[in-house]
Amino acid sequence: MDLGLSGRRAAVAAASAGLGYASAAALAAEGVTVAICGRDRGRITAAAAAIGPNAVPLVCDVGTSRGGSAFVAQAQEAVGPLDILVTNAGGPPAGTFASTPLESYGPALELNLLSVVAMCSAAVPGMQERGWGRVVAITSISVRQPIPTLILSNTARAGVTGFLKTLAREVARDGVTVNSAQPGLHATDRVRQLYGDPAAAGAATAGIPTGTIGDPADFGAVVAFLCSLQARYITGAHLQVDGGAYGGLL
């Protein structure tokens with residue numbers, strides 16, 4: 001299916017690997033010119049080369065609000081006015097209420113909440129002026145079902161979901177949609193860091209009805225669809241992509 005995105009311009013944050021990379025690759029395959037960023041020049045350059053000529057590598061750390069704003073500015077300078085913004089960042093350290101000091105919450109909120117607010121603040125007004133735009137945030141299934149030992153991520157990503165829902169309602173009449181994709185377990189470096197190799201460990205997939213860990217490429221295809229022409233009537237949605245692991249009705 002042609003997603004109607006050829007010739008569009010996008011910025012995909014934290015895209016040297018994992019779900020950010022997969023999302024950028026899916027958009028580029030649809031003819032989108034994609035500015036991607038990472039902290040390491042070698043890794044982000046290699047990622048852009050693997051994606052192909054539609055990818056433009058930028059070195060930027062989106063772990064703070066200042067970094068988020070800087071990335072959007074660099075992306076607009078590199079590829080022009082943005083039609084699509086995919087927000088993404090790594091996760092904060094693992095911990096529980098008892099093991100996590102109060103001072104750890106500020107950096108976590110910068111990483112997974114305020115950086116997203118900053119990226120949207122830099123990109124969305126231009127989309128509104130042009131009457132078309134797509135924002136997709138890569139968050140986590142923890143927004144619906146908090147993950148044990150990830151209290152910082154659970155807290156920050158729940159906050160950003162509230163921001164995204166509010167933003168979606170405010171900019172919908174301007175032709176801008178705002179959604180999030182909520183990954184469960186996918187075969188990424190972050191999941192391996194937290195759980196080891198879940199593909200080889202039955203315990204990690206025991207709660208997933210499909211019985212398998214997710215393929216990042218499949219997740220990227222979901223993000224690309226949410227950016228598509230056909231998804232024009234989807235906004236304020238938060239879509240879990242988790243193999244059915246989330247058990248709630250809503």
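Normalising the average separation of contacting C-alpha pairs (under 8 angstrom, six or more residues apart) by the number of residues puts the relative contact order of the chain at 21 percent. The length gained on full extension between Ala78 and Met1, counted as 0.36 nm times the residue separation minus their Cα-Cα distance, comes to 24.9 nm. Taken along the Cα-to-beta-carbon direction at a fixed 7 Å, the label points for Ala237 and Arg130 span 2.3 nm. Counting only Cβ charges, +1 for Lys and Arg and -1 for Asp and Glu, the dipole size of the chain around its Cα centre is about 260 debye. Relative to the longest principal axis of the Cα atoms of the chain, helix 18-29 runs at roughly 30 degrees.
Just going by the charge dipole of segment 9-241, with Lys and Arg at +1 and Asp and Glu at -1 on Cβ, which of Gln74, Ala158, Pro53 is farthest out on the positive end? Ranked along the dipole, the leading option is Ala158. From helices alone, the chain scores -12500 deg cm²/dmol at 222 nm; the rule is -39500 (n - 2.57) for each run of n ≥ 4 DSSP H residues, then divide by the residue total. Placing pseudo-labels 7 Å out from each Cα toward the beta carbon at Ala217 and Arg43 gives an inter-label distance of 2.2 nm. Each residue of segment 236-243 was assigned a 3J(HN,Hα) from its phi angle through the Karplus curve 6.51 cos²θ - 1.76 cosθ + 1.60 (θ = phi - 60°); the sequence is x, 9, 10, 9, 7, 10, 9, x Hz, with glycine and proline shown as x.
Across all directions, the average flat footprint of the convex hull enclosing the Cα atoms of segment 9-241 is 12.1 nm².
Laboratory data are not the source of any read-out in this text; all were calculated from the coordinates shown. Just so it is clear, the structure is predicted and the values come from calculations on it, not from any experiment. Here the Cβ is made from the backbone with ideal geometry for all residues, glycine too, and neighbour counts use every protein chain on show.
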